[in-house]
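Engineer: Here it is: the structure, laid out below.
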Amino acid sequence: MSVIWHDVECGGYAQDLSLWRSLAADRGDPVLDVGAGTGRIALDLARHGHEVVALDHDPVLVAELVRRAGGLSVTAITADARDFDLGRQFALCIVPMQTIQLLGGAAGRRAFLDCARRHLQPGGLLAVAIAPELELFEVVDGGLTPLPDIREVDGVVYSSLPTAVRADREGFLLERRRERISASGSRSVEQDVIRLDRLSAGELESEARDVGLEPAGRAVVEATDDYVGSEVVLVRA
């Protein structure tokens, strides 16, 4: 089920692909994709001729990525972004879609950054997408609601509706209502909540310096009607 929900909520996003393609073309191979999921970016880069290692902590997503990769030059690995040792170095490491804000605060980010530094070639580039701020909202009865993400798989309709974005001192809570409607019309509903740590580009650059990485600029992925924009922090080994 994690594969379906991942595809429903993330699989249709393409706004950032041109940035990752540009960085990969500029930096060369191999490329490490952290938080790869079912391969949205890893497979795209491989189709453009790059050698990609895709890392994710969810073995179910990784297994699906392997299935989808076919004969493409993609190696998929199940590992925690805060603790991995791949035995090789990379010209480029990318961390898309606010993955770094899921690592449990500064200690988790430092552990990842230290791993990333050890896996970068001399002069290699780390590119990390963050959302420093999110627009807060809450769906109330009778009020306007965002459009849900919807996908039909084998006659079953999966719908994921954003219901709130809340803020606290540590970060943001993203709430969704997931509905599954079978071909016979039976319905199941569950709530899903994700926490994003609060993080600015300046904070991330400072944390990167602490492990021996140097700031190398920033880029922007513009928001779409369905997805928030990202600020992409670039640091160099």
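The values are calculated or read from the model by the stated rules, or taken from the named source; none is laboratory data. Computed from a predicted model, the values in this text were never measured in an experiment. Glycine also receives a Cβ, built like all others from the backbone with ideal geometry; neighbour counts cover every protein chain displayed. In case anyone asks, the SASA skips ligands and DNA or RNA and just uses the protein heavy atoms, side chains included. Shrake-Rupley method; radii C 1.70, N 1.55, O 1.52, S 1.80 Å.
Engineer: Hey, could you check region 199-219 for residues that are free of Cβ contacts under 8 Å to residues at least 60 places away in the same chain and among the charged types (D, E, K, R) and say which is surrounded by the fewest Cβ atoms within 10 Å (Cβ to Cβ)? Talk me through it step by step, then tell me what you get.
Structural biologist: Initial filter on region 199-219 (free of Cβ contacts under 8 Å to residues at least 60 places away in the same chain): 202-203, 205-206, 209, 214-215, 217-218.
From what is left, the residues that are among the charged types (D, E, K, R) are 203, 205, 209, 214, 218.
Details: E203: 16, E205: 19, R209: 13, E214: 11, R218: 14.
It comes out as E214.
Engineer: With the condition being surrounded by fewer than 15 Cβ atoms within 10 Å (Cβ to Cβ) and over 16 Å from the mean Cα position of the chain (by Cα), I'd like the strands (runs of 3 or more DSSP E) fully within region 1-90 carrying at least 1 qualifying residues.
Structural biologist: Working: elements: 31-34, 52-56, 74-78.
Result: empty, no element qualifies.
Engineer: Mind checking which residues of region 125-142 are of a type in the set (D, E, K, R) and not in a strand (DSSP E or B)? Write out each step before concluding.
Structural biologist: Filtering region 125-142 down to residues of a type in the set (D, E, K, R) leaves 133, 135, 138, 141.
Hits for region 125-142 are E133, E135, D141.
Engineer: If the requirement is being among the acidic types (D, E), at pLDDT 95 or above, farther than 30 Å from P30 by Cα and surrounded by fewer than 19 Cβ atoms within 10 Å (Cβ to Cβ), which of these qualifies: E138, E170, E179, E133? Please lay out each step first, then the result.
Structural biologist: On the way: E138 fails: at pLDDT 95 or above; E170 fails: at pLDDT 95 or above; E133 fails: at pLDDT 95 or above.
Matching residue, one of E138, E170, E179, E133: E179.
Engineer: For G229, state whether it is closer than 20 Å to T99 by Cβ, at pLDDT below 95 and open to solvent by less than 50 Å² (accessible area, probe 1.4 Å). Walk me through how you get there before you give the answer.
Structural biologist: Numbers: closer than 20 Å to T99 by Cβ: yes; at pLDDT below 95: yes; open to solvent by less than 50 Å² (accessible area, probe 1.4 Å): yes.
Against the criterion (closer than 20 Å to T99 by Cβ, at pLDDT below 95 and open to solvent by less than 50 Å² (accessible area, probe 1.4 Å)), G229 qualifies.
Engineer: Tell me whether region 175-193 contains one or more residues that are among the hydrophobic types (A, V, I, L, M, F, W, C) and closer than 19 Å to G12 by Cα. Walk me through how you get there before you give the answer.
Structural biologist: Taking region 175-193 as the starting set, the residues that turn out to be among the hydrophobic types (A, V, I, L, M, F, W, C) are 181, 183, 189, 193.
Filter once more, keeping what is closer than 19 Å to G12 by Cα: none.
No, there is no match, as no residue in region 175-193 is among the hydrophobic types (A, V, I, L, M, F, W, C) and closer than 19 Å to G12 by Cα.
Engineer: Considering (1) free of Cβ contacts under 8 Å to residues at least 24 places away in the same chain; (2) in a helix (DSSP H, G or I), say which one A111 fails and leave the rest.
Structural biologist: (1)
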